[in-house]
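Data block below; observations after.
The values are calculated or read from the model by the stated rules, or taken from the named source; none is laboratory data. The model shown is predicted, which means the values in this text are computed figures rather than measured ones. Here the Cβ is made from the backbone with ideal geometry for all residues, glycine too, and neighbour counts use every protein chain on show.
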Amino acid sequence: MSRGFLVAAVSVLPFAAFAAPVPKAVETPPQKLTRLFGTPALPDDTCAAELKDGVLRLTGGGTEHVWQAGAGGMKVPFVTREVKGDFAVAVTVKAVDLPEVGAVTGVAGLLVMRDDAMTLDHSLYLTGNRTEANRRGWLRASAEGNPVSTKEDANEAFRDDEVALKVERVGTKVTASVASVGKAWAEIDTFEMALDKTAKVGVFVAHTGGAFTAEFHDFTVTTK
């Protein structure tokens, strides 16, 4: 075979055989946060939502960010995603920033909302400081500004700074459960709540008396 024939044969091979591979797009931290948890909503610049090694660190800074639903929008930092139909949402939450002395009230947990007027929070509630903290569970649902259900719970799972929370929705029936990390779920309460077919689910923190931070991991949303 002549040299000229080899050159001619090579010249007719598809161009794609010599094209450089297209580099794979690198996922940015905000994109990863959205994929794993959802979209952050931060009421002011003292709040932050940071993702590292699959753990979401959510902070409310300044003096306070208290739970306030209504026409003005939620006043606490939260991260949510949309979910359609029946679902189960679960997360493990850990309070990581109580002061050495003094007192901060910090609330961290799951959030379910149809809109600003219909919400549910299932939370780890702490009051005090690192050595003298009163820990308990807090479950509250409201519709159009009126309570649907409010319950405090002293389940032993809430005695630690880290606890697993779950909310399930089947039609208008909503069930909240809690578990110590790695243990079986215990039902806290079941009640009726008229959520739309599409709702938002996610995590939040609220606080008074100083800054408060919580970490969230193993966030899962399962549709039924």
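For Thr127, the conditions (1) in contact with an Asp or Glu (Cβ under 6 Å, 6 or more places away or on another chain); (2) of a type in the set (S, T, N, Q); (3) without any contact (Cβ under 8 Å) to a residue 60 or more places away in the chain are fulfilled apart from (1).
Is there a residue being of a type in the set (Gly, Ala, Ser), in contact with a Leu (Cβ under 7 Å, 6 or more places away or on another chain), modelled with pLDDT of 90 or more and crowded, with 17+ Cβ neighbours inside 10 Å anywhere in the range 190-205? Within the range 190-205, one or more residues are of a type in the set (Gly, Ala, Ser), in contact with a Leu (Cβ under 7 Å, 6 or more places away or on another chain), modelled with pLDDT of 90 or more and crowded, with 17+ Cβ neighbours inside 10 Å. Inspect the range 115-133 for any residue being of a type in the set (A, V, I, L, M) and in contact with a helix residue (DSSP H, G or I) (Cβ under 7 Å, 6 or more places away or on another chain) and give the result as yes or no. Yes - at least one qualifying residue is present in the range 115-133.
Could we say that Ser149 is modelled with pLDDT of 95 or more, in contact with a strand residue (DSSP E or B) (Cβ under 9 Å, 6 or more places away or on another chain), in a strand (DSSP E or B) and over 21 Å from Thr59 (Cα atoms) here? No, not satisfied.
Return the total of residues in the range 99-119 being within 17 Å of Pro77 (Cβ to Cβ) and either within 16 Å of the chain's Cα centre (by Cα) or buried (at least 18 other Cβ atoms within 10 Å of the Cβ) (or both). The total comes to 11. Counting only residues that are touching a Phe, Trp or Tyr at 6+ places or on another chain (Cβ under 7 Å) and of a type outside the set (A, V, I, L, M, F, W, C), which one in the range 136-167 is farthest from Ala95 (Cα to Cα)? The residue in question is Ser149. The residue of the range 154-185 that is farthest from Asp86 (Cα to Cα), among those that are surrounded by 18 or more Cβ atoms within 10 Å (Cβ to Cβ) and of a type in the set (D, E, K, R), is Asp161.
Checking each residue of the range 56-73 against the condition of being buried (at least 16 other Cβ atoms within 10 Å of the Cβ), in contact (Cβ under 8 Å) with a residue 40 or more places away in the chain, more than 30 Å from Thr28 (Cα to Cα) and acidic (Asp, Glu) gives at least one match.
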